[in-house]
Amino acid sequence: MAYEFNHYYELQNVQTRKYVNILGNHEDGTVKNGETVNLFARTDNPDQRWALENYGGSGNVRIVLQRGEGWYALNYNVSNANCIVWHLNTAEDTDTVITTIPADGKANTYYFMLRDRSLYLTAVGTSLKWQPYTGGEEQMFTILEPGTGGDGGDEGDVSTVPDSDLVTRFIPAYEGNYTKNRTAQGGVISEITIHHCAGVMTIDSLGALWQRVGREGSSHYGVSETEIGQYVHESDVAWTNGNWEANCRAVTIETSNSGGAPQWPVSDTTFATLVTLVADIARRNGLGKLIKGQNLTWHSMYAATACPGPYLSGKLQELVDRANMINGF
Ligand SMILES: [Zn+2]
């Protein structure tokens, strides 16, 4: 048995990377019968600390949490199959005795089966329900010493959670149009590269372009009027600058035009949105004061192209100055 009885652990769901968590505010030490148990990113709060209490051997336990004077065990809500807690002394065995079944090939990882109902604790999004066996990762839980697992935040390539709070929508680029894992390529973010779309585009039409198989191009962000699209995570390398080393260093932005050649203008609204995004990227990535041509760059520095066009090229110092002002430089 890889776990010890009567020792507090965090229980991390394998599929979602999130932790078994009792909802609600228990600062006063009171927990009510029937309170919902769900999955949540790690909080370092006692509402995510569970002990496995031996119940007659054979891997049978009750999974309990202590608050104040009370002990509360994972339990089965008979009306909707949700996972709840119930005061240990008044819980029926059929709703609370759990058989821990090791998951093959995964360290300290188990299925939690309600012994008498043959139902398994299952992640349904961030909800926890008792459901028939699937064998999938949604039913696997890793028993961890508190603080030793990941934080359970939304991380990794498959996430569609934007890197910037300013983003309107994350529209993932086709995976053949960028390179995953900037760090693995030896890349460190040290600049922001400005582009124009050479066209009037919405964040959705730009997203559709980057989703096209065989396009072999992408950008991290797109700006059009008040909207910001994200297509590639900053932790991945977008193919925008026509130069591999520059791509590995850069967070890239495509800016919609408001008209065509020869000036390729950009609307004041789009420009103002671009300013806020550049400031946000610079701040989050610790780029410090932006300097045109150093950590604020543009496409034609790296490739034989007219991008970002005459109009935006003439506004780059204003872009730098306004973003610096936002960040207090
Ligand atoms: Zn460009």
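Checking VAL31, VAL37, VAL64, VAL20 one by one, the residue that is crowded, with 20+ Cβ neighbours inside 10 Å, of a type outside the set (S, T, N, Q) and in a loop (DSSP other than H, G, I, E, B) is VAL31 and no other. Just name the residue that is surrounded by the most Cβ atoms within 10 Å (Cβ to Cβ) out of those in segment 278-308 that are closer than 24 Å to SER235 by Cβ, within 16 Å of the ligand (Cβ to nearest atom) and not polar (S, T, N, Q). The selected residue is VAL278. Here VAL167 fulfils each of the conditions (1) closer than 30 Å to ARG49 by Cβ; (2) at pLDDT 85 or above apart from (1).
Among THR193, THR179, THR160, which is the only one that is touching a helix residue (DSSP H, G or I) at 6+ places or on another chain (Cβ under 8 Å) and either outside the structural domain of GLU216 (by TED's automatic domain parsing) or within 16 Å of the ligand (Cβ to nearest atom) (or both)? Exactly one residue qualifies, and that residue is THR193. Consider segment 245-261 and keep the residues that are within 20 Å of GLN185 (Cα to Cα) and more than 15 Å from the ligand (Cβ to nearest atom). The one that is least open to solvent (accessible area, probe 1.4 Å) is CYS248. Pairs meeting the criteria (first residue in segment 82-110 and among the acidic types (Asp, Glu), second residue assigned to a strand (DSSP E or B), beta carbons under 8 Å, at least 6 apart or on different chains) are ASP95/ASN75; ASP95/TYR76; ASP95/TRP86; ASP95/LEU114.
Figure legend. Inter-residue proximity from segment 195-206: first residues at positive phi and outside any strand (DSSP E or B), second residues open to solvent by less than 30 Å² (accessible area, probe 1.4 Å) and near the ligand (Cβ under 8 Å from one of its atoms), beta-carbon distance below 7 Å, spacing 6+ or different chains. Indicated pairs: ALA198/CYS307.
Taking the conditions (1) on the phi > 0 side of the Ramachandran plot; (2) surrounded by fewer than 18 Cβ atoms within 10 Å (Cβ to Cβ) in turn, TRP264 satisfies each one other than (2).
If you check ASN241, ASN247, ASN257, which single one turns out to be assigned to a helix (DSSP H, G or I) and modelled with pLDDT of 95 or more?
Of ASN241, ASN247, ASN257, the one residue that is assigned to a helix (DSSP H, G or I) and modelled with pLDDT of 95 or more is ASN247.
All conditions in (1) open to solvent by less than 60 Å² (accessible area, probe 1.4 Å); (2) in the same structural domain as LEU316 (by TED's automatic domain parsing); (3) within 27 Å of SER313 (Cβ to Cβ) hold for GLU225, with the sole exception of (1).
Which of the residues spanning segment 22-38 are more than 18 Å from the chain's Cα centre (by Cα) and either closer than 16 Å to GLU138 by Cβ or among the small types (Gly, Ala, Ser) (or both)?
Keep residues of segment 22-38 that are more than 18 Å from the chain's Cα centre (by Cα), which gives 22-37.
GLY24, GLY29, GLY34, VAL37, listed by residue number.
Within the option set ASP321, ASP268, ASP236, being in contact (Cβ under 8 Å) with a residue 60 or more places away in the chain and more than 14 Å from the ligand (Cβ to nearest atom) holds for one residue only, ASP236.
Selection within segment 196-212: residues that are more than 13 Å from ALA238 (Cβ to Cβ) and within 14 Å of the ligand (Cβ to nearest atom). The member of this set that is surrounded by the fewest Cβ atoms within 10 Å (Cβ to Cβ) is GLY199.
The values are calculated or read from the model by the stated rules, or taken from the named source; none is laboratory data. Quantities reported herein were computed from a predicted structural model and do not represent experimental measurements. FYI the Cβ positions are ideal-geometry reconstructions off the backbone, even for glycines, and counts take in every protein chain you see. What goes into the accessible areas is simple: the full protein's heavy atoms, side chains included, and nothing from ligands, DNA or RNA. Shrake-Rupley method; radii C 1.70, N 1.55, O 1.52, S 1.80 Å.
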